[in-house]
Amino acid sequence: MVVDDNQDILSALTFILSRNAYRVSVRSRFDNFEQEMETLSPDLVLLDKSLGWADGCDLCRAIKANKKMSSIPVIMFSAYYKKREECLNAGASEFMEKPFEMNALLSTIRSFSAPPCNQGV
């Protein structure tokens, strides 16, 4: 799952991940974050730190505090490299600075998941 409020980023990540055999679900906003996350049950979450409607760190903490979702790897990203520590302290499995190199992103995703034909993002 990719969570970002920037449609260009959602489109680019959907294209790249789909071309690499990942099933992709995107969200630019949630009506009920925890309920939708539990229903979708993603294998991995790519989460922007700065969403127009929420702080990604708060969402990451909610994922990690929920027994049903706590094992889901969360890769957070931000244009501000100084946010790395804050994101990792919120429970993120990894942090990437935007703009990120797509091969580095794919490598990071692979380090947290099985081969793409068996996993969704």
**Asked** Which net charge results for the neighbourhood of residue 106, defined as the other residues with beta-carbon distances under 15 angstrom from its beta-carbon, given Lys and Arg at +1 and Asp and Glu at -1?
**Response** 0
**Request:** Please get the size of the charge dipole for the chain, origin at its Cα centre, with Cβ charges of +1 on Lys and Arg and -1 on Asp and Glu, quoted in debye to the nearest 20.
**Result:** 280 debye
**Item:** Under-12-angstrom lysine pairs by C-alpha in the chain, whenever the two are 8 or more apart or on separate chains
**Value:** 5
**Asked** Okay, helix-only estimate at 222 nm for the chain: each DSSP H run of n ≥ 4 adds -39500 (n - 2.57), divide by all residues, round to 500 deg cm²/dmol; what do you get?
**Response** -11500 deg cm²/dmol
**Request:** Have a look at 32, 89, 22 and report the one farthest towards the positive end of the charge dipole of the chain, computed about the Cα centre with Cβ charges (Lys/Arg +1, Asp/Glu -1).
**Result:** 22
**Fill in**
The exposure ranking of 15, 95, 30, fewest beta-carbon neighbours within 10 Å first, is 15, 30, 95
**Asked** What list do you get for 108, 39 if you sort them by fewest beta carbons within 10 Å?
**Response** 39, 108
**Request:** List the relative contact order of the chain as a percent without decimals, with contacts defined as Cα pairs under 8 Å and 6+ residues apart.
**Result:** 29 percent
**Item:** Net charge of neighbours whose Cβ lies under 14 Å from the Cβ of residue 7, counting Lys and Arg as +1 and Asp and Glu as -1
**Value:** -2
**Asked** Just for the chain, what percent of DSSP beta bridges are antiparallel, to the closest 5?
**Response** 5 percent
**Prompt:** Quick one: Karplus J couplings for the range 23-32, per residue in order, coefficients 6.51, -1.76, 1.60, θ = phi - 60°, nearest Hz, x for Gly and Pro?
**Reply:** 7, 10, 10, 10, 9, 9, 6, 10, 7, 9
**Item:** Least to most buried among 11, 71, 25, 50 (fewest other Cβ within 10 Å first)
**Value:** 71, 11, 25, 50
**Message:** Give me the base-10 log of I(q)/I(0) for the range 25-121 at each q in 0.13 Å⁻¹, Debye formula, one uniform scatterer per Cα, rounded to two decimals.
**Reply:** -0.42
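Every number here is computed from the coordinates shown, using simple stated rules; none is lab data. Since we're looking at a predicted model, the values are computed, not measured. Please note: Cβ atoms are built from the backbone with ideal geometry, for glycine as well, and neighbour counts cover all protein chains shown.
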